[in-house]
Amino acid sequence: MARVALVTGGTRGIGHAISVALKNAGYRVAASYAGNDAAAQAFQAETGIPVFKFDVSSYEASEKAIKQVEKDLGPIDVLVNNAGITKDTMFHKMTKEQWDAVIGTNLNGLFNVTRPVWEGMRARKFGRVINISSINGQKGQMGQVNYSASKAGDIGFTKALAQEGARAGITVNAICPGYIATEMVKAVPQDVMEKSILPQIPVGRLGEPEEIARCVVFLASDNAGFITGSTITANGGQYFA
């Protein structure tokens, strides 16, 4: 029977590409989303991938939704923690609400979604946890103290949990995308893109969501069983870590 994969934030942007790539690789995929019902329904109609609505910042909501995913599709073998938000502002203007919202989704969300599937992976002696961090979790970014802190935390989470999962046949890895051609990035004014962003990227272009998805498919596979606690930097040479 095909392995089951859950992709959080899996209906749009990088998550959309990951969900489709895993399906094409033979996985039974579930994609979660937080609020955009129209986009989620369009995604499901387009791909045939079932969608599940829940907020990863809530442990109770995550646990309940995961039980439903496993009831519908089977035990989760591959978890891609992709859901993330930004609330960018300079630190001297940042509110507690902006800090809590980003940490709640981007960092606490990893615990809230991974914890309910962890014991099942341990019992079955197999699991793949793939955390989508960010180049800004590695190098920091002005105006993103909350986001950079959350994404740096994702890397620490990855390295520590990898040590716990190794003997149980569970690998835990992170991917740190750079600038990827999603709707959000494409909305940047053309002059800003050409003058401020592209010159920072040695390969001279944005990454494609499918390039991140191919990294995920590899890490999810049996071929990647000896890779754990690693961070893949997929940023076109913008930053070396």
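Can you pull out the residues in the range 5-27 that are buried (at least 18 other Cβ atoms within 10 Å of the Cβ) and over 22 Å from THR105 (Cβ atoms)? Walk me through how you get there before you give the answer.
Looking only at the range 5-27, we keep the residues that are buried (at least 18 other Cβ atoms within 10 Å of the Cβ), and these are 5-23, 25, 27.
Those that are buried (at least 18 other Cβ atoms within 10 Å of the Cβ) and over 22 Å from THR105 (Cβ atoms): VAL20, ALA21, LYS23, ALA25, TYR27.
So ALA162 fits all but one of (1) crowded, with 20+ Cβ neighbours inside 10 Å; (2) farther than 22 Å from GLY15 by Cα; what number is the exception?
It fails just one condition, (1).
Consider only pairs whose beta carbons are under 9 Å apart and that are at least six residues apart or on different chains; among these, list those whose first residue lies in the range 95-110 and is more than 17 Å from ASN136 (Cα to Cα) and whose second residue is part of a helix (DSSP H, G or I) and among the charged types (D, E, K, R).
Qualifying pairs under 9 Å: LEU110/ASP154.
Just the residues that are surrounded by fewer than 18 Cβ atoms within 10 Å (Cβ to Cβ) and in contact with a Phe, Trp or Tyr (Cβ under 8 Å, 6 or more places away or on another chain), please, taken from the range 58-69. Even if it seems obvious, please write down each step before you answer.
Initial filter on the range 58-69 (surrounded by fewer than 18 Cβ atoms within 10 Å (Cβ to Cβ)): 58-61, 63-64, 67-68.
Answer for the range 58-69, where residues must be surrounded by fewer than 18 Cβ atoms within 10 Å (Cβ to Cβ) and in contact with a Phe, Trp or Tyr (Cβ under 8 Å, 6 or more places away or on another chain): TYR59, ALA61, LYS64, GLN68.
Surrounded by fewer than 18 Cβ atoms within 10 Å (Cβ to Cβ), among the charged types (D, E, K, R) and in a loop (DSSP other than H, G, I, E, B): is that true of ARG214 in this structure? Give the steps one after another, and end with the answer.
On the way: surrounded by fewer than 18 Cβ atoms within 10 Å (Cβ to Cβ): yes; among the charged types (D, E, K, R): yes; in a loop (DSSP other than H, G, I, E, B): no.
No, not satisfied.
Inside the range 28-57, can you point out the residues that are crowded, with 17+ Cβ neighbours inside 10 Å, of a type outside the set (A, V, I, L, M) and within 17 Å of the chain's Cα centre (by Cα)?
The answer is SER32, TYR33, PHE52, PHE54, ASP55, SER57.
Listed residues ASP100, ASP77; which is touching a Lys or Arg at 6+ places or on another chain (Cβ under 8 Å), at pLDDT 95 or above and of a type in the set (Asp, Glu)?
Only one candidate qualifies: ASP77.
So which residues in the range 1-42 are part of a loop (DSSP other than H, G, I, E, B) and more than 18 Å from ASP55 (Cα to Cα)? Spell out how you get there, then give the answer.
To start, the set of residues in the range 1-42 that are part of a loop (DSSP other than H, G, I, E, B) comprises 1-3, 8-12, 25-27, 34-36.
Answer for the range 1-42, where residues must be part of a loop (DSSP other than H, G, I, E, B) and more than 18 Å from ASP55 (Cα to Cα): MET1, ALA2, ARG3, ALA25, GLY26, TYR27.
How many of the residues making up the range 5-30 are free of Cβ contacts under 8 Å to residues at least 60 places away in the same chain and in contact with a Phe, Trp or Tyr (Cβ under 7 Å, 6 or more places away or on another chain)? Reasoning before the result, please.
We begin by selecting, within the range 5-30, every residue free of Cβ contacts under 8 Å to residues at least 60 places away in the same chain; these are 11, 19, 23-24, 26, 28-30.
Filter once more, so that each one left must be in contact with a Phe, Trp or Tyr (Cβ under 7 Å, 6 or more places away or on another chain): 11, 30.
Going through the range 5-30 one residue at a time, the tally reaches 2.
Name, by its number, the condition in (1) in a strand (DSSP E or B); (2) among the hydroxyl-bearing types (Ser, Thr, Tyr); (3) closer than 22 Å to TYR239 by Cα that does not hold for SER196.
(1) is the only condition that SER196 fails.
Among the residues in the range 162-180, are any part of a helix (DSSP H, G or I), in contact (Cβ under 8 Å) with a residue 40 or more places away in the chain, over 20 Å from LYS151 (Cα atoms) and under 16 Å from the mean Cα position of the chain (by Cα)? Explain how you work it out, then say what you get.
Taking the range 162-180 first, the residues part of a helix (DSSP H, G or I) are 162-168.
Those left that are additionally in contact (Cβ under 8 Å) with a residue 40 or more places away in the chain: 162-163, 165-166, 168.
This time we only want the ones that are over 20 Å from LYS151 (Cα atoms), so: 165-166, 168.
Subset that is under 16 Å from the mean Cα position of the chain (by Cα): none.
Within the range 162-180, not a single residue is part of a helix (DSSP H, G or I), in contact (Cβ under 8 Å) with a residue 40 or more places away in the chain, over 20 Å from LYS151 (Cα atoms) and under 16 Å from the mean Cα position of the chain (by Cα).
Go through (1) among the small types (Gly, Ala, Ser); (2) surrounded by 20 or more Cβ atoms within 10 Å (Cβ to Cβ); (3) touching a Phe, Trp or Tyr at 6+ places or on another chain (Cβ under 9 Å) for ALA2 and report which single condition fails.
Only one criterion is unmet by ALA2, namely (2).
The values are calculated or read from the model by the stated rules, or taken from the named source; none is laboratory data. This one's a predicted model, so the numbers in the text were calculated from it and none came from an experiment. Neighbour counts run over all protein chains shown; Cβ positions are idealised from the backbone, glycine included.
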